[in-house]
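Just below is one structure, and these are the notes that go with it.
The values are calculated or read from the model by the stated rules, or taken from the named source; none is laboratory data. Quantities reported herein were computed from a predicted structural model and do not represent experimental measurements. Every residue, glycine among them, receives a Cβ derived from its backbone with ideal geometry; neighbour counts consider all protein chains shown.
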2 protein chains.
Amino acid sequence: MKKIPLLIIILSLQIPFALAEDGYRLWLRYDCVDNNAVLSTYRKQIKGFKVEGNSPTLSLVRTELEQGLAGLLGINVPQSNSVSASIVVAGTSKSSEINKLNLDARLKNLGREGFLILTTTVKGKKLIVITAPEEIGVLYGTFHFLKLLQTHQPIENLDIESSPRINLRILNHWDNLDRTVERGYAGFSLWDWHKLPDYIDPRYHDYARANASIGINGTVVTNVNANARVLSSHYLEKVAALADVFRPYGIKIYLTARFSAPIELGGLKTADPIDETVQQWWKDKVKEIYTHIPDFGGFLVKANSEGQPGPQNYNRNHADGANMLADAVAPFNGIVMWRAFVYDDKVPDDRAKQAYSEFKPLDGTFRKNVLVQVKNGAIDFQPREPFHPLFGAMPDTPLMMEFQLTQEYTGFSTHLVYLANQFKECLDADTHAKGAGSTVAKVIDGSLDNHQLSGIAGVTNIGNDRNWTGHPFAQSNWYAFGRLAWDHQLSAQQIADEWIRMTFTNNPGFINPVKEIMDKSWETTISYMTPLGLHHIMGWSHHYGPAPWIKDKHRADWTSVYYHQASKDGVGFNRSATGSNAIAQYAEPVAKLFGSRDQCPEEFLLWFHHAGWNEKLKSGQTLWEELCRHYYGGAETVNSFQQQWATLEGKIDKERFEQVKMLLNIQYKEAIWWRNACVLYFQTFSGLPIPHGLEQPENSLQYYLNLEFPYAPGIRPQW
Amino acid sequence: MKKIPLLIIILSLQIPFALAEDGYRLWLRYDCVDNNAVLSTYRKQIKGFKVEGNSPTLSLVRTELEQGLAGLLGINVPQSNSVSASIVVAGTSKSSEINKLNLDARLKNLGREGFLILTTTVKGKKLIVITAPEEIGVLYGTFHFLKLLQTHQPIENLDIESSPRINLRILNHWDNLDRTVERGYAGFSLWDWHKLPDYIDPRYHDYARANASIGINGTVVTNVNANARVLSSHYLEKVAALADVFRPYGIKIYLTARFSAPIELGGLKTADPIDETVQQWWKDKVKEIYTHIPDFGGFLVKANSEGQPGPQNYNRNHADGANMLADAVAPFNGIVMWRAFVYDDKVPDDRAKQAYSEFKPLDGTFRKNVLVQVKNGAIDFQPREPFHPLFGAMPDTPLMMEFQLTQEYTGFSTHLVYLANQFKECLDADTHAKGAGSTVAKVIDGSLDNHQLSGIAGVTNIGNDRNWTGHPFAQSNWYAFGRLAWDHQLSAQQIADEWIRMTFTNNPGFINPVKEIMDKSWETTISYMTPLGLHHIMGWSHHYGPAPWIKDKHRADWTSVYYHQASKDGVGFNRSATGSNAIAQYAEPVAKLFGSRDQCPEEFLLWFHHAGWNEKLKSGQTLWEELCRHYYGGAETVNSFQQQWATLEGKIDKERFEQVKMLLNIQYKEAIWWRNACVLYFQTFSGLPIPHGLEQPENSLQYYLNLEFPYAPGIRPQW
């Protein structure tokens, strides 16, 4: 970066291609601050930077500061070996410069991953200090500091302390070893198992860097519908190569454990968790894993659900299975994340009740290093679900949240749906387990029941598409998950604001309308897909598009009619005391609220109640009218998004503007599809006309019934 | 790009990331010329550019010149509306400026796709003119002109005429509708069928641009193992969207036609080509296709091969099937490419003979718009094959060449293998069909037998990996195919030279050693995989790694032992007169040459002859010794590539340097694997010791026999 007046002129004109916005950079775009006032202030305030130490993590800190400052300030910001004025100093308290500042008192409260960003004066020299108890905190603090510049925040007098509220902030990849991704809509798996361990795709580093920038500290790289082969030594070498890449970024690697692995890999006759040879096989296997990966995180397990093997195959319970694995990893400080997503069509009861029925009795019987991973709702990542009744119901067990970032039920990667609002609705929900204020967030961050171990998982929407997530706005769900995992008290709007600034622009003329679109997007999708508590009426198997007519499959709980229960007299699943009584799984007064036809929040009406087509809702309109208004209104709102977006042309790069424009067109087409198919289908039961003023669907119900999508993404290829 | 002294400084420092070399730009890197002398000369010689007209293709010309000149010259090169000195003028002879130059006499000889680049003086003003009879030629000429700058060629006095020697220069994608790619090693399919037609991935444009830059003018977007569904109207809308993107780049779209489509899509009882309802179904389907895609190119068909349906199912021959489709597309000027890659385990004869046996008798019976597409060799894209005996044997039929760019049998996308040498060996081979000089190239360019229709196809190595081809050097095979399709008289070395300059650097310290590596690479891979004419001894089904031991499969011609015929007395497939007599399919004196144990070129020895382990070869060494020397020598040469590459650090970007380094490590490991597995296996027959001075394999034969790769890429996912 020396003697380059010529070079400067030369390079500048390559920008038109060089910066073609393919979305690969995510929110980590360090383009020069385009507000001249802010820029010149920053240039005065930052004259150089200093990072002591050369550990892998501190080297990342140095590179990030070097590239981030050079990019954002648009000048070469030198490393300084002395501490002069206006220097950014980054390091742990062990580094000599920071040691002098006597910050230990403040640092010790930050915990292992927290950080402190402080403007301070040393010998009359004003410095910006980024420090933390551990190196990883310094990296987190560095990303936070650069975010301040990306979002044009004042850095005059910084005094920022931040620590994560949840220990384990983990991505779940439903990636198969052949690189197909179950419920993946952004291409295929990032993990090129064939070329590992010898070929390290540069993208592995970029993936880890993006995660570190939002505080994610763990990743499960294999599908919960697990393949035992990943536990073979041949594959463990590959996993170890990934772990080596992720380590400096503070990211631990986890694997899914197929419960029958002792049979498939070990050649044993059984996988019974009480069988000593089985226990020994797992102990030996775990020991082998740790020789490859000394900081291996542990296992995620889906057992006795949707046909997966598990302890119940041997008449043992989930705790028996989880504890066996927990005992194997305990000596190495590993953990087990045991999923509560279990249901069985042999059990005649309401599917929504099964997880609670099986797990609640086991509370207190799990080992200390086991977390039970519970989906936000009791069915399966529907557009909207009431919070899962297990939250608050297992005080003696650390419960881990499982959110779904990949849009299996919310429009794949073609619908703009900002999920932070969904996450927040669940996190802020009050379980009343220990009286008012017992929010789901307090359950999972461990504060309600004083658990040291706490965790949150997000089923990723990441694939090998150039922009990682397919839809440019799907990046916001990855980002929001990380931010909420770090601090669930942030609002969805705050997170959207910083994401838009970093990902697109600080231009308020873009930020405000886009923030509004994002804020409305989730509710809008619920309206045109599953309003008023409807659920699981998507296309058979691939879940693409509407299919409320699905019935007569080999298991009832994989059909739509099971969930909507539509008939001449009405629609909805009666889970009140007069029905499956699932509401009894909630604490009072929640049970009472959900159980009451009149008080039940209308967004959950058909989730908990079977209501008559002509019953009046709060609006004074009948259920049928409201249903139609939601379907039509949802589609219309998407149309308003299109119009809003069109006005933003020129405010951002052409590439992403056009991409989003095309995707909104698809979303509108599919919203109309949902609207027409559902209204026409439910009309066959209600026998009522589409309310006055709403256009008639252009196609017949039969037209929609005939649509086929054998190659819809996200399911195992059909041959 | 005005008033930006500040901006210049700002942007320049973003280059470090902005230009992170992910390989996406392929050979179309327009970074500023880094040789100051050359740069300042170019800047004097090019002051501006002018493109008349606003057609889609001429708009591409304008953009390419604008971005190319700005990037390469590192200054803003303005569009000029008047013709002043040192202007680049681009357009067809219809454009007023060029019309004045009276170049019609020269242009009319160039053909529909040729171009002319000329330095000329008008009213004392020196101009550079890029012109052509048609707009597409202007685009080709523009890419050629920019290449001159990319490769630092003098442009003082240009007078370049260029026309393609072959009409149809086509890529074959073996892409499935679920985005898996048969024999694909660079990720998955570029075609996101699910999001088409409404979402146009920007990458579709970049793909078409890259192809246009090397003169490729057609693409078959679906697998030859075809799926009839792509012919449904639902999918034709998607295909049409791709065709619309490709059209301005001069690229026609083609589809693979599944012969049984009339049954699967049309609900007919038969697909018999003589059945009138079948003929009518195809006529109607073709008409439908052309309503979607007015310039649809036509069909590629794999019939009665490897289980695919075809006319023989109805006791008709290949001509009956091809002609039926040809009649359907003829009214729209469409063509049919009918593959000669046919074999059948029911036919007891040598597999290598079957294509000739079935097609030779049909010569002259095909419609005028049919080409027979013949693989370079008679088996299946082996590392080295003698040219296919059909070349020269069907004078009354246009034969189309089928090369394989994707490295199914040459190390997937982890081995550095520059295939231009393989292509050239085949193109330059002399069939002697009409006496000496009847090269394969003259057969396929139509000159030998005066065919107007001529074609060449390359099975692509392109996937959705960020760098398109997985291995950075695999890009050279895509590039070389296009260049040879345009002009088969170019040498592999010339093509490597320009590719290296455009893709990496003009630094001779890099070019020369890398050119040497590329030039040796193919022969080297043959040595460590299949020396001396050995063939098809790769891993079962996925073809990954060595497996000469494959036997007892449900068809003999899918086993290794069928091809190498190893026994105590020797090894090799006797195709001489005393064996299968496949040599009789060649014209004299080729048949005599190949048929003679003594005169047969040793690179084809075991292809045509079964030779004794102790027979002496030209070197004076025995066959066994030579075999070992090849395996060991090949592996050693890869090691020398590694050492050579290590010396080039710093001469190119870190990203690609490291990628190639890692890949060469894999290639060396796998070369050793091939060497050990094959030598140990063949030793069980020869009973001879590994020659003195060659190290013993570290593992036992059993070790190699036990290796399993269920998720090797390029085959349909296994469940």
query = Any residue at all in region A:254-262 that is of a type in the set (S, T, N, Q) and closer than 21 Å to A:D327 by Cα?
reply = yes
ask   = Just checking, how many residues over region B:542-589 are within 30 Å of B:A393 (Cβ to Cβ) and in a loop (DSSP other than H, G, I, E, B)?
value = 18
message = Residues that are over 20 Å from the mean Cα position of the chain (by Cα), on the phi < 0 side of the Ramachandran plot and either within 14 Å of chain A (Cβ to nearest Cβ) or among the hydroxyl-bearing types (S, T, Y) (or both): does region B:152-159 have at least one?
response = no
ask   = Hey, among the residues in region B:187-207 that are facing chain A (nearest Cβ under 7 Å) and among the hydrophobic types (A, V, I, L, M, F, W, C), which one's nearest to B:D465 (Cα to Cα)?
value = B:F188
task = Answer yes if at least one residue in region B:105-124 is among the aliphatic types (A, V, I, L, M) and in a loop (DSSP other than H, G, I, E, B), and no otherwise.
result = yes
remark   = Picked from region A:561-614 (must be among the basic types (K, R) and under 26 Å from A:T525 (Cα atoms)), the residue nearest to the chain's Cα centre (by Cα) is A:R575
query = Filter region B:168-186 for residues that are touching a residue at least 60 places away in the same chain (Cβ under 8 Å) and surrounded by fewer than 22 Cβ atoms within 10 Å (Cβ to Cβ); which is nearest to the other protein chains (Cβ to nearest Cβ)?
reply = B:E182
Criterion (in contact with a Lys or Arg (Cβ under 9 Å, 6 or more places away or on another chain), at pLDDT 95 or above and under 22 Å from B:G470 (Cα atoms)) met by exactly one of B:E655, B:E649 = B:E649
ask   = In the set B:L362, B:L390, which member is hydrophobic (A, V, I, L, M, F, W, C) and more than 22 Å from B:Q279 (Cα to Cα)?
value = B:L390
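Here is a yes/no grid of residues against (1) of a type in the set (D, E, K, R); (2) closer than 16 Å to A:F387 by Cα; (3) at pLDDT 95 or above:
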position	(1), (2), (3)
A:Y563	no, no, yes
A:I583	no, yes, yes
A:G612	no, no, yes
A:L617	no, no, yes
A:T622	no, no, yes
A:E626	yes, no, yes
A:Y631	no, no, yes
A:F641	no, no, yes
A:W645	no, no, yes
ask   = From the set of residues in region B:634-653 that are within 14 Å of chain A (Cβ to nearest Cβ) and touching a residue at least 40 places away in the same chain (Cβ under 8 Å), which is farthest from B:M529 (Cα to Cα)?
value = B:D653
remark   = Picked from region A:664-694 (must be loosely packed, with under 15 Cβ neighbours inside 10 Å and touching a residue at least 12 places away in the same chain (Cβ under 8 Å)), the residue farthest from the other protein chains (Cβ to nearest Cβ) is A:G687
Flag if A:W174 is modelled with pLDDT of 95 or more, among the aromatic types (F, W, Y) and within 23 Å of A:I444 (Cα to Cα) = yes
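Got a number for residues in region A:57-82 being over 22 Å from A:V33 (Cα atoms) and modelled with pLDDT of 95 or more?
First, the residues of region A:57-82 that are over 22 Å from A:V33 (Cα atoms): A:57-60, A:80-82.
Filter again for modelled with pLDDT of 95 or more, leaving A:57-60.
So the count comes out to 4.
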inquiry  = So, A:S162, is that one among the small types (G, A, S) and touching an Asp or Glu at 6+ places or on another chain (Cβ under 9 Å) or not?
reply    = yes
query = For A:E626, are the conditions met, namely being over 25 Å from A:S541 (Cβ atoms) and in contact with a strand residue (DSSP E or B) (Cβ under 8 Å, 6 or more places away or on another chain)?
reply = no
inquiry  = Please list, ordered by residue number, the helices (runs of 4 or more DSSP H) wholly in region B:600-719 having 2 or more residues that are touching a Leu at 6+ places or on another chain (Cβ under 7 Å) and of a type in the set (A, V, I, L, M, F, W, C).
reply    = B:605-608, B:623-646, B:654-686
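Does A:I263 satisfy the condition of being among the hydrophobic types (A, V, I, L, M, F, W, C) and assigned to a loop (DSSP other than H, G, I, E, B)?
no
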inquiry  = What's the total number of residues in region B:20-65 that are at the interface with chain A (Cβ under 9 Å from one of its Cβ atoms), without any contact (Cβ under 8 Å) to a residue 60 or more places away in the chain and either hydrophobic (A, V, I, L, M, F, W, C) or part of a helix (DSSP H, G or I) (or both)?
reply    = 3
task = Kindly list, by first and then second residue, each pair from a residue in region B:465-490 that is within 18 Å of B:W522 (Cβ to Cβ) and within 14 Å of chain A (Cβ to nearest Cβ) to a residue that is β-branched (V, I, T) and part of a loop (DSSP other than H, G, I, E, B), limited to pairs with Cβ atoms under 7 Å and residues at least 6 apart or on different chains.
result = B:T469/B:I462; B:H471/B:T414
note = Per the list (1) crowded, with 20+ Cβ neighbours inside 10 Å; (2) free of Cβ contacts under 8 Å to residues at least 24 places away in the same chain; (3) over 20 Å from B:H535 (Cα atoms), residue check on B:V590 breaks on (2)
task = Identify the single condition in (1) within 14 Å of chain A (Cβ to nearest Cβ); (2) in a helix (DSSP H, G or I) that B:A212 does not satisfy, given that it satisfies every other one.
result = (1)
key: Search result, residues across region B:161-209 that are among the charged types (D, E, K, R) and in a helix (DSSP H, G or I)   = B:R203, B:D206, B:R209
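Please verify whether region A:495-515 includes one or more residues that are among the hydrophobic types (A, V, I, L, M, F, W, C), within 14 Å of chain B (Cβ to nearest Cβ) and more than 19 Å from A:A635 (Cα to Cα). Spell out how you get there, then give the answer.
Filtering region A:495-515 down to residues among the hydrophobic types (A, V, I, L, M, F, W, C) leaves A:495-496, A:499-500, A:502, A:504, A:510-511, A:514.
From what is left, the residues that are within 14 Å of chain B (Cβ to nearest Cβ) are none.
There is no residue in region A:495-515 that is among the hydrophobic types (A, V, I, L, M, F, W, C), within 14 Å of chain B (Cβ to nearest Cβ) and more than 19 Å from A:A635 (Cα to Cα).
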